[in-house]
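The values are calculated or read from the model by the stated rules, or taken from the named source; none is laboratory data. Just so you know, these numbers come straight off a predicted model, no measurement behind them. Cβ placement follows ideal geometry from the backbone for every residue including glycine, while neighbour counts extend to all protein chains displayed.
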């Protein structure tokens with residue numbers, strides 16, 4: 001059987017894992033890699049080939065949001081910076097462009113958004129940011145009857161400016177501290 005050795009790297013660690021490719025399976029230290037990255041069934045992994053059988057690995061959870069890891073040096077820096085604001089990166093969601101949300105210029109966020117510390121019911125706007133760093137300030141509202149946040153006035157323009165077509169799906173990460181205008185980063 002033809003075996004190849006892959007070298008896996010990720011942003012979660014400075015370590016490089018050598019795993020063996022046996023046919024269509026990864027063996028060797030693959031189990032160590034998955035354990036170190038707390039990977040579970042349903043997670044999605046993107047392998048970016050960097051040459052010479054070296055791959056940069058980016059893991060995504062089942063919601064298609066990149067899994068965030070805390071580095072020990074980042075924890076130390078945050079502990080040293082007592083005055084630094086605490087930003088939430090705890091909510092991401094999949095948005096789909098539909099004929100109705102374009103027509104109504106309204107996008108409902110899932111019910112889980114209510115647990116996001118970056119959002120609160122007093123927020124009146126949110127800033128959408130695309131991959132290039134361009135931004136759109138749109139209205140953010142909370143529907144008491146539905147118990148959901150929704151984006152209003154600006155959703156259609158964001159979609160048009162980014163050439164989003166009906167049926168397109170993409171992931172947004174919500175970032176904020178619950179006090180200032182939150183950001184929704186478009187991946």
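Take residue 120 and tell me if it is surrounded by fewer than 18 Cβ atoms within 10 Å (Cβ to Cβ) and either in contact with a helix residue (DSSP H, G or I) (Cβ under 9 Å, 6 or more places away or on another chain) or not assigned by TED's automatic domain parsing to the domain that holds residue 98 (or both).
When the stated conditions are applied, residue 120 does not pass them.
Considering only region 137-155, state which residues are surrounded by 19 or more Cβ atoms within 10 Å (Cβ to Cβ) and either outside any loop (DSSP other than H, G, I, E, B) or more than 22 Å from the chain's Cα centre (by Cα) (or both).
138, 140, 149, 151, 155
Quick one: how many residues across region 1-48 are farther than 19 Å from residue 60 by Cβ, surrounded by 11 or more Cβ atoms within 10 Å (Cβ to Cβ) and out of contact with any strand residue (DSSP E or B) (no Cβ under 6 Å at 6 or more places or on another chain)?
Going through region 1-48 one residue at a time, the tally reaches 3.
Would you pick out the residues in region 104-134 that are touching a residue at least 12 places away in the same chain (Cβ under 8 Å) and either closer than 20 Å to residue 166 by Cβ or in a strand (DSSP E or B) (or both)?
Result: 105, 106, 107, 108, 109, 110, 125, 126, 127, 128, 129, 130.
Within region 49-62, take every residue that is more than 15 Å from residue 13 (Cβ to Cβ) and surrounded by 15 or more Cβ atoms within 10 Å (Cβ to Cβ) and give me the one that is modelled with the lowest pLDDT.
Filtering region 49-62 for residues that are more than 15 Å from residue 13 (Cβ to Cβ) and surrounded by 15 or more Cβ atoms within 10 Å (Cβ to Cβ), the one modelled with the lowest pLDDT comes out as 61.
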